[in-house]
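Have a look at the structure below, then the notes.
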Amino acid sequence: MDPAPEVGSLARTTILGSRRKPKPERLPGEARRIGYLYVAPAFLLYAAFNLVPLGQGINVSFYDWDGVTPGTWVGARNYTEFFTDPAITSGYVHVLQLMVFYSFLPIAIGLFLAAVLSRIRIRGLTFFRMLLFLPLVITDVATAVAWIWMYDVDGPIATALRAMGLGALVPDQGWLGDFTTALPAVGVFGMWGQFGFCLILFLAGVMKIPASLYEAARVDGANAVREFFAVTLPGLRYELQVVLVLTVIGTLGTFDEIYVLTGGGPGTATTVPAYLVWRRAFQVGEIGSAAALGIILMLIVFAVTFVLNKVMERGGEA
Amino acid sequence: MTASSRVQLFLNYLLIVLCSLIAIYPLIGVVLASLYPTGPGVAPSGFALPPTFQWENYATAWRDGEFAASFTTSLIVAVVMVPASVLLSVLGGYAFATMRFRGSKAIFYLFILGLIIPTEATIVPLFYDVRALGLIDTYWALIILETSGEMAFGIFWMRAAFLSAPPSLLEAARIDGARSWTTLWRIMVPFARPAILTLTVLTFADSWNEFFLALVFTINHMTAPAGLASFSGRFTTDVALVSAGAVIVAIPILIVFVVFQREFMRGMLTGAVKG
């Protein structure tokens with residue numbers, strides 16, 4: 001639901017990702033019409049402020065509307081913009097690039113570390129786990145403020161580079177103010193937020209893989225790499241699927257950090273779809289276009305969730 | 001312990017410590033930066049301790065960032081929204097887990113759909129709906145929208161929790177002739193307490209961290225993160241003050257996280273893989 005990969009949304013999206021063997025579901029109780037009464041408050045609230053606006057949004061998306069004067073029906077024009085409007089195209093290109101940082105790199109790092117860390121119990125793991133979770137738990141806006149300072153021309157990264165005689169690498173406007181480095185800089189911020197979560201999730205998963213599987217692999221003379229692909233990776237299938245779905249969906253909805261770190265800039269170097277929706281709806285007054293962008297974003301999230309689940313399912317059976 | 005496994009253990013610690021340092025360095029750095037003298041001159045570099053510890057930065061940031069107002073909003077919204085959304089989730093989850101009624105499957109899937117409908121898809125019409133209700137820039141706008149936004153996850157979470165109750169629990173209650181309402185409060189809720197606590201903590205975190213809705217719907221009733229964003233926008237050059245503001249906004253969630261660490265982990269880890 002929420003545009004940023006924050007705590008609840010993390011747990012929240014996960015479920016969609018998991019595809020365990022169908023559980024023998026217990027017959028859900030007796031036939032009782034009183035069930036409607038229990039569900040009604042939640043459903044009415046949910047429908048009124050989620051489902052109904054969704055319908056309204058689809059309707060609005062077919063109009064050219066400034067939010068004040070009556071709108072004009074324009075058919076699918078707001079949707080064909082998706083293919084013709086360079087601002088939208090670049091927003092999606094940016095979000096694809098961010099995905100590398102928000103999803104693939106943290107997963108790769110987490111997998112690598114989970115594999116390298118041997119299965120010896122680490123004392124104080126709870127404490128380290130807490131530290132590793134902090135970037136994700138603390139309010140995005142606050143961590144983003146921390147990273148504005150990190151990326152400043154006088155911030156710690158710049159200071160360290162200068163101390164090493166590499167001052168030439170520091171962009172004049174800082175990393176967030178530079179056209180070529182702003183997007184990767186946002187990406188590194190996201191990577192910092194996700195890698196601890198990936199590591200901990202994978203570490204917990206590795207601990208659950210039966211030791212006998214590792215022993216068997218060793219008896220077969222598997223080296224570390226083979227062991228990783230034969231035992232560790234298959235053992236982490238569910239975790240992998242969950243994290244992939246989560247982080248990819250989270251990236252598609254990226255908003256908070258863009259707003260705080262760069263405001264979509266410099267120029268349009270870091271605009272993303274969610275930011276375009278907000279700008280067009282509440283800054284520029286292109287309501288119809290904003291609504292269509294929101295619907296398109298939703299359809300893409302649906303498609304990605306579906307495809308990822310299918311792919312991971314097939315990968316698991318292979 | 002053999003020599004090689006000792007080396008292995010040492011490397012394990014080294015890696016974990018290194019990762020933890022990467023995770024917390026920007027956070028520690030911002031705390032140090034928040035104690036530097038404000039204004040031009042001494043710039044916080046991130047490695048050295050500040051020349052003098054300017055604790056008054058926190059008072060200044062609290063005042064100039066108008067955090068009293070945004071904290072009040074975040075607190076009021078959370079105090080109403082968290083119990084409301086947990087209660088509605090418990091009621092709904094209970095019905096989906098223990099009762100059969102026509103259309104219950106379809107309704108449940110509609111809720112599940114909400115897990116992946118992005119806020120961006122509904123935000124535009126929502127703005128006009130909320131305006132029609134006369135709720136722009138009110139606590140109620142945030143309370144209602146956040147609560148409704150939590151329904152999908154809450155229902156899913158509580159249904160799973162109630163489904164994990166042993167059937168014998170329910171049967172015993174039925175044999176006693178207990179009504180569904182009594183069964184819920186006397187038997188199911190006590191059974192599902194850990195899950196309810198986890199849901200409460202996660203919902204609070206969501207509510208405290210809410211930024212997008214506050215940005216769209218409020219002007220004078222900003223949440224703490226929205227207040228921080230606006231403060232950081234107005235005082236870009238004053239690194240020390242803005243850093244103090246960031247620490248102020250992070251503290252409540254930090255406290256909740258440390259106190260309810262187990263619930264957080266359960267929600268985010270086991271909750272992530274279960275299903």
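The values are calculated or read from the model by the stated rules, or taken from the named source; none is laboratory data. Nothing here was measured: the structure is a model prediction, and the numbers come from that model. Ideal geometry is used to build each Cβ from the backbone, glycine not excepted, and the neighbour counts take in all protein chains shown.
The figures follow:
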{"item": "Residue in the stretch B:153-168 that is crowded, with 21+ Cβ neighbours inside 10 Å, among the aliphatic types (A, V, I, L, M), in the same structural domain as B:F96 (by TED's automatic domain parsing) and within 30 Å of A:Q56 (Cα to Cα) present", "result": "yes"}
{"item": "Checklist (1) under 23 Å from the mean Cα position of the chain (by Cα); (2) polar (S, T, N, Q); (3) facing chain A (nearest Cβ under 7 Å) applied to B:S70, failing item", "result": "(3)"}
{"item": "The stretch A:95-124 - residue that is in a helix (DSSP H, G or I), touching a residue at least 40 places away in the same chain (Cβ under 8 Å) and farther than 18 Å from A:P184 by Cβ and, of those, nearest to the other protein chains (Cβ to nearest Cβ)", "result": "A:L113"}
{"item": "Near pairs, Cβ below 7 angstrom, 6+ apart or cross-chain, from the stretch B:143-168 (over 16 Å from B:S104 (Cβ atoms) and in contact (Cβ under 8 Å) with a residue 60 or more places away in the chain) to any residue that is among the charged types (D, E, K, R) and outside any helix (DSSP H, G or I)", "result": "B:E146/B:E210"}
{"item": "Residues of the stretch A:216-246 that turn out to be in a helix (DSSP H, G or I), more than 12 Å from chain B (Cβ to nearest Cβ) and polar (S, T, N, Q), as a count", "result": "1"}
{"item": "So B:S34, is it in contact (Cβ under 8 Å) with a residue 24 or more places away in the chain, surrounded by 15 or more Cβ atoms within 10 Å (Cβ to Cβ) and either in the same structural domain as B:I144 (by TED's automatic domain parsing) or touching a strand residue (DSSP E or B) at 6+ places or on another chain (Cβ under 9 Å) (or both)", "result": "no"}
{"item": "Residues satisfying the stated conditions in the stretch B:222-256, i.e. in contact with a Phe, Trp or Tyr (Cβ under 6 Å, 6 or more places away or on another chain), under 20 Å from B:Y25 (Cβ atoms) and of a type outside the set (V, I, T)", "result": "B:A240, B:A244, B:G245"}
{"item": "Looking only at the stretch A:159-177, and only at residues there that are in contact with a Gly (Cβ under 9 Å, 6 or more places away or on another chain) and in a loop (DSSP other than H, G, I, E, B), the one that is nearest to A:G264 (Cα to Cα)", "result": "A:G174"}
{"item": "Residue check for B:T72: surrounded by fewer than 20 Cβ atoms within 10 Å (Cβ to Cβ), among the polar types (S, T, N, Q) and within 21 Å of A:D140 (Cα to Cα)", "result": "yes"}
{"item": "Residue count, the stretch A:203-240 (criterion: free of Cβ contacts under 8 Å to residues at least 40 places away in the same chain and among the aromatic types (F, W, Y))", "result": "1"}
{"item": "Members of the stretch B:139-169 found to be in a loop (DSSP other than H, G, I, E, B) and either within 8 Å of chain A (Cβ to nearest Cβ) or touching a Phe, Trp or Tyr at 6+ places or on another chain (Cβ under 8 Å) (or both), listed by number", "result": "B:A165"}
{"item": "Selection from the stretch B:233-249 of residues that are under 16 Å from B:A69 (Cα atoms) and surrounded by 24 or more Cβ atoms within 10 Å (Cβ to Cβ)", "result": "B:G245, B:A246, B:V249"}
{"item": "Only one of A:T84, A:T89, A:T69, A:T80 that is over 19 Å from A:A274 (Cα atoms), surrounded by fewer than 18 Cβ atoms within 10 Å (Cβ to Cβ) and modelled with pLDDT under 95", "result": "A:T69"}
{"item": "Members of the stretch B:95-125 that are in contact (Cβ under 8 Å) with a residue 40 or more places away in the chain and not in a loop (DSSP other than H, G, I, E, B)", "result": "B:F96, B:A97, B:T98, B:M99, B:F108, B:F111, B:I112, B:I123"}
{"item": "Any hit, the stretch B:177-196, residues being of a type outside the set (G, A, S), farther than 30 Å from A:R33 by Cβ and buried (at least 23 other Cβ atoms within 10 Å of the Cβ)", "result": "no"}
{"item": "Residues being β-branched (V, I, T), within 9 Å of chain A (Cβ to nearest Cβ) and assigned to a loop (DSSP other than H, G, I, E, B) - total across the stretch B:208-237", "result": "1"}
{"item": "Selection status of B:Y36, farther than 30 Å from B:V189 by Cα and outside any loop (DSSP other than H, G, I, E, B)", "result": "no"}
{"item": "Test: residue in the stretch A:267-276 that is farther than 30 Å from A:G57 by Cα, surrounded by fewer than 22 Cβ atoms within 10 Å (Cβ to Cβ), more than 10 Å from chain B (Cβ to nearest Cβ) and not charged (D, E, K, R)", "result": "no"}
{"item": "Which listed residue, of A:I258, A:I249, is under 16 Å from the mean Cα position of the chain (by Cα), assigned to a helix (DSSP H, G or I) and within 9 Å of chain B (Cβ to nearest Cβ)", "result": "A:I249"}
{"item": "Filter result for the condition that a residue is farther than 29 Å from A:C198 by Cα, outside any helix (DSSP H, G or I) and among the hydroxyl-bearing types (S, T, Y), over B:T73, B:T60, B:T52", "result": "B:T52"}
{"item": "Failed item in (1) in contact with a strand residue (DSSP E or B) (Cβ under 8 Å, 6 or more places away or on another chain); (2) in contact (Cβ under 8 Å) with a residue 24 or more places away in the chain, with A:R77 passing the rest", "result": "(2)"}
{"item": "Verdict on B:D129 being at the interface with another protein chain (Cβ under 9 Å from one of its Cβ atoms), surrounded by fewer than 23 Cβ atoms within 10 Å (Cβ to Cβ), closer than 27 Å to B:A224 by Cβ and among the charged types (D, E, K, R)", "result": "yes"}
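For (1) in the same structural domain as B:M151 (by TED's automatic domain parsing); (2) touching a helix residue (DSSP H, G or I) at 6+ places or on another chain (Cβ under 7 Å); (3) in contact (Cβ under 8 Å) with a residue 12 or more places away in the chain, each residue gets a yes or a no:
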| position | (1), (2), (3) |
| --- | --- |
| B:W185 | yes, no, no |
| B:P190 | yes, no, no |
| B:L199 | yes, yes, yes |
| B:E210 | yes, yes, yes |
| B:G227 | yes, yes, yes |
| B:L241 | no, yes, yes |
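For every residue, the table says whether it meets (1) crowded, with 22+ Cβ neighbours inside 10 Å; (2) assigned to a helix (DSSP H, G or I); (3) within 12 Å of another protein chain (Cβ to nearest Cβ); (4) at positive phi.
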position	(1), (2), (3), (4)
A:L132	yes, yes, yes, no
A:L136	yes, yes, yes, no
A:V153	no, no, yes, no
A:F179	no, no, no, no
A:A185	yes, yes, no, no
A:G190	yes, yes, no, no
A:G193	yes, yes, yes, no
A:C198	yes, yes, yes, no
A:L201	yes, yes, yes, no
